[in-house]
Amino acid sequence: MTRAISIFGATGSIGQNTLDLIRRNQDAYRVVALTGGRNIDQLAADAREFGAEIAVTCHDDLLDDLKTALAGTGIEVAAGTQAIAEAADRPADWIMSAIVGAAGLAPGFRALRHGTTLALANKESLVTAGPLLMAEAAKHGARILPVDSEHSAVFQALVGEDMTAIERVIITASGGALRDWPMERLYGATLKDASAHPNWDMGQRITIDSASMFNKAMELIETHEYFGIEPEKISAIIHPQSIIHALVGFKDGALMAHLGAPDMRHAIGYALNWPDRSPLPVDRIDLAQIATLDFRPADEARFPALRLAGDVMETGGHAGAVFNAAKEVALDHFIAGQIGFMQMAPVVEATLDVMSRGFRLTDAINTLETVTETDHVARIKAAEQARHLQEKRA
Ligand code: NAD
Ligand code: MG
């Protein structure tokens, strides 16, 4: 039987890796919806190749280009944020949520209502609205499968285990592009410096987030939200080789690690084939050749984002949505050259601080609209904080 699948963020790094796996076994799948952004050529080419039912770009102004690119194919086309959310209503057995940023929340949330299995790469969904998303899945009997490599690793280490026997979870971090720089130099890191990842080939934003460890901070929060593990049991460690992706420690002292080549098709493939395992086109690691696996503590002075993640988990409520929005704004300002690399964390910290006054940060998030509102306010506040820092810097 063929499985109906949709990919949100099909033209991105995760989306393309997902299509790569589908391509190798095309008869097993029927592609329903593919969505993308400005890269209309890629979106149209993929829609044609996989005979998608519908192709959607999030940009209204690109609808005509998409129509032209798919003229005569019989493939439906649509544009805009609403059209992307509606595409998630189309019946599918499995959906990949791989839009980058807070925009990825709505379509995944919508798919859960239909009981669809959600392969979740979009980490912002769990960070901004973890409890809401998990409750929605439970309500509709839908399953969420983690696609972030660390969470897929934890998920695999937990197969058949008793959740109450977990003592600790350690997720690994490559340390990013600047891991060997002395701390003083980090203040002068440029966009180019932060955009070269030593191990993983990923989108630009997540690559910079790796260098600042905002990515790892998001992942600590994701671990807490997805597995329901207490913040004090979750930590990150620098492991430059990116061979071990995560470890789970149990109350008898045993530590179970997941090892694999740094290739996202591991995690994507596990979610695609779950609960089975099927062959994947990933490199097999040769331990004798690797010879050593190194570890270093993840220093919170060097990576303040990790400390902020701890605060966010303790605060709960709206803190994740504020953290994520402020992080995105800080990143935009860094990419635009308006603030320095080490000014991103102060923007996020100041935004959390400002919003903890006169705003009930600890209130539970009950609706998707609340997440959107908090996101909106946090972006305005974060932009103000970034401006303050920019003025100080000038
Ligand atoms: P990417 O930038 O390569 O691709 C993003 C996709 O989202 C593209 O298809 C783009 O067109 C689409 N998009 C961007 N903005 C949009 C918007 N406002 N509305 C609708 N669509 C939009 O990103 P990526 O590296 O593939 O990452 C996707 C998600 O997966 C992110 O949340 C990221 O944190 C997560 N993730 C990525 C990796 C990785 O290795 N790349 C690993 C773990 C988790
Ligand atoms: Mg990851």
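Some notes on this structure:
- Extreme residue, nearest to the chain's Cα centre (by Cα), among residues of the range 43-94 that are within 20 Å of THR116 (Cα to Cα) and in a loop (DSSP other than H, G, I, E, B): ALA88
- Some residue of the range 122-145 being open to solvent by 10 Å² or more (accessible area, probe 1.4 Å), of a type outside the set (Val, Ile, Thr), in contact with a strand residue (DSSP E or B) (Cβ under 9 Å, 6 or more places away or on another chain) and within 16 Å of ligand 2 (Cβ to nearest atom): no
- Residue in the range 110-120 that is without any contact (Cβ under 8 Å) to a residue 40 or more places away in the chain, farther than 25 Å from MET213 by Cβ, away from ligand 1 (no atom under 11 Å from the Cβ) and within 15 Å of the chain's Cα centre (by Cα) present: yes
- Pairs are defined by a Cβ separation below 7 Å, a sequence spacing of at least 6 or placement on different chains, a first member in the range 342-365 that is in contact (Cβ under 8 Å) with a residue 12 or more places away in the chain, and a second member that is in a loop (DSSP other than H, G, I, E, B) and open to solvent by less than 20 Å² (accessible area, probe 1.4 Å); the pairs so defined are VAL347/ILE339; MET355/LEU361; LEU361/HIS318; ASP363/HIS318; ILE365/HIS318.
- Complete set of residues in the range 235-254 that are among the polar types (S, T, N, Q) and away from ligand 2 (no atom under 14 Å from the Cβ): SER235, GLN241
- Filtered residue count, the range 195-234, keeping only those that are more than 16 Å from ligand 2 (Cβ to nearest atom) and modelled with pLDDT under 95: 2
- The range 16-40, residues that are under 18 Å from GLU76 (Cβ atoms) and open to solvent by 70 Å² or more (accessible area, probe 1.4 Å): ARG30
- Flag for ALA98 being within 28 Å of THR370 (Cα to Cα) and either at pLDDT below 95 or buried (at least 16 other Cβ atoms within 10 Å of the Cβ) (or both): yes
The values are calculated or read from the model by the stated rules, or taken from the named source; none is laboratory data. This one's a predicted model, so the numbers in the text were calculated from it and none came from an experiment. Note: ideal-geometry Cβ built from the backbone for every residue, glycine included; neighbour counts use all protein chains shown. For accessibility, only protein heavy atoms count, side chains too; no ligands or nucleic acids. Shrake-Rupley method; radii C 1.70, N 1.55, O 1.52, S 1.80 Å.
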